[in-house]
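Worksheet for the structure shown next.
The values are calculated or read from the model by the stated rules, or taken from the named source; none is laboratory data. Bear in mind that the values here come from a model prediction, so they are computed numbers and not experimental data. Because the Cβ atoms are built from the backbone with ideal geometry, glycine has one as well, and the counts that use them run over all protein chains shown. SASA here: full protein model, heavy atoms, side chains in, ligands and nucleic acids out. Shrake-Rupley method; radii C 1.70, N 1.55, O 1.52, S 1.80 Å.
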Amino acid sequence: AQSVTQPDIHITVSEGASLELRCNYSYGATPYLFWYVQSPGQGLQLLLKYFSGDTLVQGIKGFEAEFKRSQSSFNLRKPSVHWSDAAEYFCAVGSGEYGNKLVFGAGTILRVKS
Amino acid sequence: EADIYQTPRYLVIGTGKKITLECSQTMGHDKMYWYQQDPGMELHLIHYSYGVNSTEKGDLSSESTVSRIRTEHFPLTLESARPSHTSQYLCASSNSPYEQYFGPGTRLTVT
């Protein structure tokens, strides 16, 4: 069965510092991979997605992620964090036919120090 | 503006009451989903629909039921609410095979 692991429950970074959130997945075939962000009291917003092709994917709000098949990872990065980036981030893998169903990790809560 | 809506946003209700959580989308999407999310935990798929009159149970067993009579509407019903149903419920929709759009969620508390 597909699964997603986000090893870090909480991460705190200083404003302006770089960020990397880790995601490891378990999936037998070529995965469809996603990163979502959830602000307090809100639904999930899609940051970026990987289906195939270039393993470095650009998303909204200055985020990017790199797919590494050999490590079964899809880590999210941002070169300079802003206070408004404080939120919870979820990695997900598409399962089922055409990735119609999503399996989520437990999330990483990002805190930003000023 | 195309969007996905959930009402109510917050609901506190007593044990044994029947409740319906509403989800509507104006994007014309065929596929709709309900997820349950507990604090600090991953989202779990509890119901999904690939179109009108199509509903399936998700990976997490749930005592709730859903219906899909209209493309834009996907309500979730609990016939008799219990404290174990306290959670956040997120609705999503999709038209492409890969990308789901989420509503703001309903935070349910059963006392």
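Of note:
- Taking trypsin sites (Lys or Arg not before Pro) as exposed when their DSSP state is a loop state and no more than 16 other Cβ atoms lie within 10 Å, the longest site-free interval of chain B runs over B:19-111.
- Accessible area per residue in Å² at 1.4 Å probe, computed on the protein assembly as shown: 47
- Note on the protein assembly as shown: with charges restricted to the Cβ of Lys and Arg (+1) and Asp and Glu (-1), its dipole about the Cα centre is near 280 debye.
- Distance between the pseudo-spin-label points of B:SER61 and B:ASN95 (7 Å out from Cα toward the beta carbon): 3.8 nm.
- Think of segment A:1-70 as having a plus end and a minus end, set by charges on the Cβ of Lys, Arg, Asp and Glu; of A:LEU21, A:ILE11, A:SER70, A:SER70 sits farthest toward the positive end of this dipole.
- Interface residues in segment A:27-47 - accessible area drops by 50 Å² or more relative to the isolated chain, probe 1.4 Å: A:GLY41, A:LEU44
- Counted by Cβ distance under 13 Å from B:THR111, the other residues give a net charge of +2, where Lys and Arg count +1 and Asp and Glu count -1.
- The residue among B:SER62, B:LEU108, B:HIS29 whose Cα reaches farthest toward the positive pole of the charge dipole of segment B:4-110, with charges on the beta-carbon of Lys, Arg, Asp and Glu, is B:LEU108.
- Figure note: B:ILE13, A:ILE60 ranked by solvent-accessible area, largest first, 1.4 Å probe, ligands and nucleic acids not counted: A:ILE60, B:ILE13.
- Between segment B:72-111 and segment A:1-49, the alpha-carbon center distance in angstrom: 21
- The protein assembly as shown: antiparallel DSSP beta bridges as a percent of all, rounded to 5: 90
- The lysines whose alpha-carbon is closer than 19 Å to the alpha-carbon of A:LYS78, local same-chain residues fewer than 8 away aside, are A:LYS49, A:LYS61, A:LYS68, A:LYS113.
- Point-charge dipole on Cβ atoms (K/R +1, D/E -1) for chain B, about Cα centre, debye to 20: 400
- Dividing the mean sequence gap of close Cα pairs (under 8 Å, 6+ apart) by how many residues chain A holds gives a relative contact order of 37 percent.
- Size of the B/A contact, given as accessible area buried on both chains, probe 1.4 Å, in Å²: 1800
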